[in-house]
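Visitor: Structure provided below as structure tokens; questions to follow.
The values are calculated or read from the model by the stated rules, or taken from the named source; none is laboratory data. Note that the coordinates shown come from a computational prediction; the quantities given were computed from them, not determined experimentally. We place every Cβ from the backbone using ideal geometry, glycine too, and count neighbours over all the protein chains shown.
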Amino acid sequence: MNITPSIPDLMEAKALMALRQDLAAAFRICHRFGWSESVGNHFSAAVSASGKQFLLNPRWQHFATIKASDLLLLDADDPDVMTGANAPDPSAWTVHGTLHRMLPEARVILHCHSPHAVALSCLKDPTLLPLDNNTARFFGRIGYDLEFGGIADAQEEGERLARMIKGKSVLVMGNHGVTIAGETVADAFEDLYFFEKAAQTMVLALSTGKPLAILSDEIAQATSDGWIPYRGMAERHFDYLKSCLDREDMSWRD
Ligand SMILES: [Zn+2]
């Protein structure tokens, strides 16, 4: 159980618990979809307007076991975060902390190595082409970071990633994976879901070796805009996925 620090502009307790539960559910669902990786990867959610206070998964806790109360509530201005007994993963702390601080509008940040997103990120040109409804959903909404440098300096990496994802919803991280920024956990998870499907479509289409029927920019933009009235799908889908978790094990809510 994480000890909650006293943070002045923190959201009220009920909303905070709901956010904790949604983020915990996102970890469990991510694992069920086969997108978790050992005990790595990180999701976070800002809990203050400045983004300086945020929830993050504990270091090396498997996604399948995460409960709402397990999530660390971290304060970027607290110098003791990394010396505490429950210290987070240092690079996740720095990268997610930098992203939330530089992009307070990015309320939820999901980073994982879902297989088709990783395959796309490993192409020399990982641009997601508009080929169908799902790929065109992301037209104009993706930033690309092709500066993969292994496990680099986390501060510099966080600042670079923040610049690349600013004004976008998705960051394709070359030779690495994907990061999604969204307003709510449901919104961000829906983009992660559709991005993985879109990357799968592109990788499968490329695997045929036949020429691709790429949509024009005008049709791609109209298709992307056409998704906007369907935004409510995200919450309905996420509610359904949470109900699937509940049928087997409700511990994520604790
Ligand atoms: Zn990663």
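Visitor: Only one of these conditions is not met by residue 243: (1) surrounded by 11 or more Cβ atoms within 10 Å (Cβ to Cβ); (2) more than 30 Å from residue 126 (Cβ to Cβ). Which number is it?
Guide: The number of the failed condition is (1).
Visitor: Please tell me if residue 23 is aliphatic (A, V, I, L, M) and more than 28 Å from residue 175 (Cβ to Cβ).
Guide: No: the conditions fail for residue 23.
Visitor: Taking the condition within 15 Å of the ligand (Cβ to nearest atom) and touching a strand residue (DSSP E or B) at 6+ places or on another chain (Cβ under 7 Å), does residue 184 pass?
Guide: Spelling it out, it is not the case that residue 184 is within 15 Å of the ligand (Cβ to nearest atom) and touching a strand residue (DSSP E or B) at 6+ places or on another chain (Cβ under 7 Å).
Visitor: Just for region 189-224: of the residues that are within 23 Å of residue 19 (Cβ to Cβ) and away from the ligand (no atom under 16 Å from the Cβ), which one is surrounded by the most Cβ atoms within 10 Å (Cβ to Cβ)?
Guide: It comes out as 189.
Visitor: Checking the conditions here, which among 199, 188 is closer than 21 Å to residue 27 by Cβ, touching a Gly at 6+ places or on another chain (Cβ under 7 Å) and of a type in the set (A, V, I, L, M, F, W, C)?
Guide: Selected residue: 188, the only one of 199, 188 that is closer than 21 Å to residue 27 by Cβ, touching a Gly at 6+ places or on another chain (Cβ under 7 Å) and of a type in the set (A, V, I, L, M, F, W, C).
Residue by residue, here is whether (1) under 24 Å from residue 155 (Cβ atoms); (2) in contact with a helix residue (DSSP H, G or I) (Cβ under 6 Å, 6 or more places away or on another chain) holds:
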site: 16; (1), (2): no, no
site: 33; (1), (2): no, no
site: 39; (1), (2): yes, no
site: 44; (1), (2): yes, yes
site: 65; (1), (2): no, no
site: 69; (1), (2): no, no
site: 77; (1), (2): yes, no
site: 99; (1), (2): yes, yes
site: 107; (1), (2): yes, no
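Visitor: Something else: Keeping to region 145-176, report how many residues are assigned to a helix (DSSP H, G or I), touching a Leu at 6+ places or on another chain (Cβ under 7 Å) and within 15 Å of the ligand (Cβ to nearest atom).
Guide: Qualifying residue count, region 145-176: 4.
Visitor: Scanning region 60-90 for residues that are assigned to a helix (DSSP H, G or I) and modelled with pLDDT of 95 or more, which turns out surrounded by the most Cβ atoms within 10 Å (Cβ to Cβ)?
Guide: 63
Visitor: Would you mind stating whether residue 179 is hydroxyl-bearing (Ser, Thr, Tyr) and within 16 Å of the ligand (Cβ to nearest atom)?
Guide: yes
Visitor: State which residue pairs qualify: first residue closer than 24 Å to residue 62 by Cα and within 13 Å of the ligand (Cβ to nearest atom) and inside region 112-129, second residue part of a helix (DSSP H, G or I) and aliphatic (A, V, I, L, M) in any location, beta carbons under 7 Å apart, and separation of 6 or more residues or different chains.
Guide: 117/199
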